[in-house]
1. Taking R0 as 25 Å, what's the FRET efficiency between Asn9 and Ala74 from their Cβ-Cβ distance, rounded to 0.05?
2. In whole Hz, what ³J(HN,Hα) sequence does the stretch 2-15 give by Karplus (6.51, -1.76, 1.60; θ = phi - 60°), x for Gly and Pro?
3. Pull out the extension gain between Asp28 and Arg55, defined as 0.36 nm times the separation in residues minus the alpha carbon to alpha carbon distance; nm, one decimal.
Amino acid sequence: MKIAVAYDNGEIFAHFGKCPSFLIADTDGKSVLSKEIVSTNGSGHSALFGFLAERGVSVVICGGIGQGAREALAGGNIAVIAGQSGSAEAALMFYLNGDLKDNPAGSCSHHHGEGHSCGEHGSCS
């Protein structure tokens, strides 16, 4: 099973659609077999589904995520564990131990305008 964690400088990135990179871990369901940091090369929002699907990802751990992205991932059989923050590596291990659950408060329900990022309000951090 491959797990992708929205990643920036060791931390879970706050907004899935603008994520600069992912920590992608190949696991056996209980432990990490290998991992790498993969840049999204500027891909954002709708392009991220293809980016993750091409890499065989089955679970995404992230901060905030819009409903459209959540639905696209779910439609491609990629589980979403949103509403997370802190260390990307720790979140990965918590997930593998069964201690990390999706937080619906991690959904972004509005359009992001100029100068606004998901981390600017409590429901997505």
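1. Once rounded, the FRET efficiency stands at 0.30.
2. So the J values, rounded to whole Hz, are 9, 10, 10, 10, 4, 9, 7, 6, x, 10, 6, 6, 6, 9.
3. So the extension gain works out to 8.1 nm.
Read-outs throughout are calculated quantities, based only on the coordinates presented, and are distinct from any laboratory measurement. Computed from a prediction, not measured in an experiment: that's the story for all the values here. Every residue, glycine as well, gets a Cβ built from its backbone with ideal geometry; the counts of neighbours run over all protein chains shown.
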